[in-house]
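Peer 1: One structure coming up, written as structure tokens, with questions to follow.
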Amino acid sequence: MRGVPPAVSPRRLLALCGILLLLASCRWGGADEEDGGERPPGAPTGVTAEAGSATSVHVMWNAAADARVSRYEVYRGGTKVGEVPASEHMVDVTRLRPGTRHVFTVRARDRDGRLGPRSREVRATTPAAAAADDTAPTRPADLRGRAAGSRAAQLSWSAATDDRGVVSYDVYQGGTKIHSVGGNQTATVVTGLRPGTRYAFTVRARDAADNLSPAGSAVRLTTAGGADGRATSPTGFRAASEESDGAYYLVLDWVPPRVDGVVTEYEVRLDGRVATSLVYGGDAPRDRATYRFYAGREPGVTHRVRIRAMLPDGTWGGFSAERAVTTGGG
């Protein structure tokens, strides 16, 4: 019959639909190629803020593992107040109002100029300004240090004194400031060092009026040539078995390593292989951390487990002690 189109078989109809879907996906793929085919970098993690004086705040964050990141931008509220290259993950925000609570975020920008989302907000309150204070704190004494494996160093010193109080301590590598801690802290672990390299560190104290003490005596040390990183390992590591609805879980707990920043990511090794990764999206624990994961349904199976932390500088720390735990054995 003329004028009446032939019937379309179900098989042919499915084939036509597949072609249409393929064309649509190619069109969307082309759009992605025009956009560079990549998403902006993720939000920086491990962001902290600590008052350095009545008019400054030290902001730190964890180095991104994303190789596309070209620089970081620091914001106070909605205003950009600092920018550093990807090789750095700290900045001192200055010219702030004394006795004020300030809110900071950090964003990463990639090589193509794409700006990632804001990190979580962190807050720091600058102390009140000290009237007519031109007296610097005393120099920190008894600076001690030792290599903590191949990529870190442990530093400690005696507290400085000041007529109005020490607000922060600045750590220098040679003549470059590399870190800052609060005035109530007299020890830190500096990470991001090179294996088999000699370093010289000094510490200076700062008060609320931004008076900076002379540097104490330098401590010199050489990092190990291997990959030992015991001082950057989680400590107090424990493992136990727990049963729930006929399945067995391994329950881990540990003390995070004390390093120059916040640890937000861990790798769990089970029987010599990577079992899982643990990433904290919000506030990461500072004192003791816990984690629970599935280990199967068979009782009486013994596993060896250990963990390590991704350090704020983007490198892996040392492994914890290894523990043996048997499912159903408590």
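Peer 1: Which pairs do you get when a residue that is touching a residue at least 60 places away in the same chain (Cβ under 8 Å), found in the range 174-185, comes within reach of a residue that is among the polar types (S, T, N, Q), reach meaning Cβ atoms under 7 angstrom, with the pair 6+ apart or on two chains?
Peer 2: Short answer, once both residue conditions are applied: H179/T188; S180/S168; V181/S168; V181/T188; G182/S168.
Peer 1: Do we have D283 as within 24 Å of G196 (Cα to Cα) and part of a loop (DSSP other than H, G, I, E, B) here? Spell out the reasoning first.
Peer 2: Working: within 24 Å of G196 (Cα to Cα): no; part of a loop (DSSP other than H, G, I, E, B): yes.
Against the criterion (within 24 Å of G196 (Cα to Cα) and part of a loop (DSSP other than H, G, I, E, B)), D283 does not qualify.
Peer 1: I need every pair where a residue in the range 238-254 that is within 12 Å of R304 (Cα to Cα) has its Cβ under 6 Å from the Cβ of a residue that is among the charged types (D, E, K, R), sequence separation at least 6 or different chains.
Peer 2: From the range 238-254, the pairs are R238/D253; A239/R323.
Peer 1: Do we have any residue at all in the range 315-326 that's touching a residue at least 40 places away in the same chain (Cβ under 8 Å), among the β-branched types (V, I, T), crowded, with 20+ Cβ neighbours inside 10 Å and touching a His at 6+ places or on another chain (Cβ under 7 Å)?
Peer 2: There is at least one residue in the range 315-326 that is touching a residue at least 40 places away in the same chain (Cβ under 8 Å), among the β-branched types (V, I, T), crowded, with 20+ Cβ neighbours inside 10 Å and touching a His at 6+ places or on another chain (Cβ under 7 Å).
Peer 1: Test each condition in (1) among the small types (G, A, S); (2) more than 18 Å from A54 (Cβ to Cβ); (3) in contact with a Lys or Arg (Cβ under 7 Å, 6 or more places away or on another chain) for A147 and report the one that comes out false.
Peer 2: Unmet for A147, out of (1) among the small types (G, A, S); (2) more than 18 Å from A54 (Cβ to Cβ); (3) in contact with a Lys or Arg (Cβ under 7 Å, 6 or more places away or on another chain): (3).
Residue-wise test of (1) crowded, with 19+ Cβ neighbours inside 10 Å; (2) out of contact with any helix residue (DSSP H, G or I) (no Cβ under 9 Å at 6 or more places or on another chain).
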position: V203; (1), (2): yes, yes
position: D210; (1), (2): no, yes
position: R220; (1), (2): no, yes
position: A239; (1), (2): yes, yes
position: R258; (1), (2): no, no
position: Y266; (1), (2): yes, yes
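Peer 1: Next question, about the same structure. So which residues in the range 69-115 are farther than 15 Å from T125 by Cα and assigned to a loop (DSSP other than H, G, I, E, B), if there are any at all?
Peer 2: G78, A86, S87, E88, H89, R111, D112, G113, R114
Peer 1: Same structure, new question: Going by the conditions given, is V274 in the same structural domain as F237 (by TED's automatic domain parsing) and either surrounded by 10 or more Cβ atoms within 10 Å (Cβ to Cβ) or more than 21 Å from the chain's Cα centre (by Cα) (or both)? Steps first, please.
Peer 2: Values: in the same structural domain as F237 (by TED's automatic domain parsing): yes; either surrounded by 10 or more Cβ atoms within 10 Å (Cβ to Cβ) or more than 21 Å from the chain's Cα centre (by Cα) (or both): no.
So V274 fails the test.
Peer 1: With the checklist (1) hydrophobic (A, V, I, L, M, F, W, C); (2) touching a Gly at 6+ places or on another chain (Cβ under 7 Å); (3) in a loop (DSSP other than H, G, I, E, B) in hand, flag the one item A209 doesn't pass.
Peer 2: Only one criterion in (1) hydrophobic (A, V, I, L, M, F, W, C); (2) touching a Gly at 6+ places or on another chain (Cβ under 7 Å); (3) in a loop (DSSP other than H, G, I, E, B) is unmet by A209, namely (2).
The values are calculated or read from the model by the stated rules, or taken from the named source; none is laboratory data. It should be emphasised that the depicted structure is a prediction, and the values quoted were computed from it without experimental measurement. No Cβ is skipped: glycine too gets one built from the backbone with ideal geometry, and neighbour counts run over all protein chains shown.
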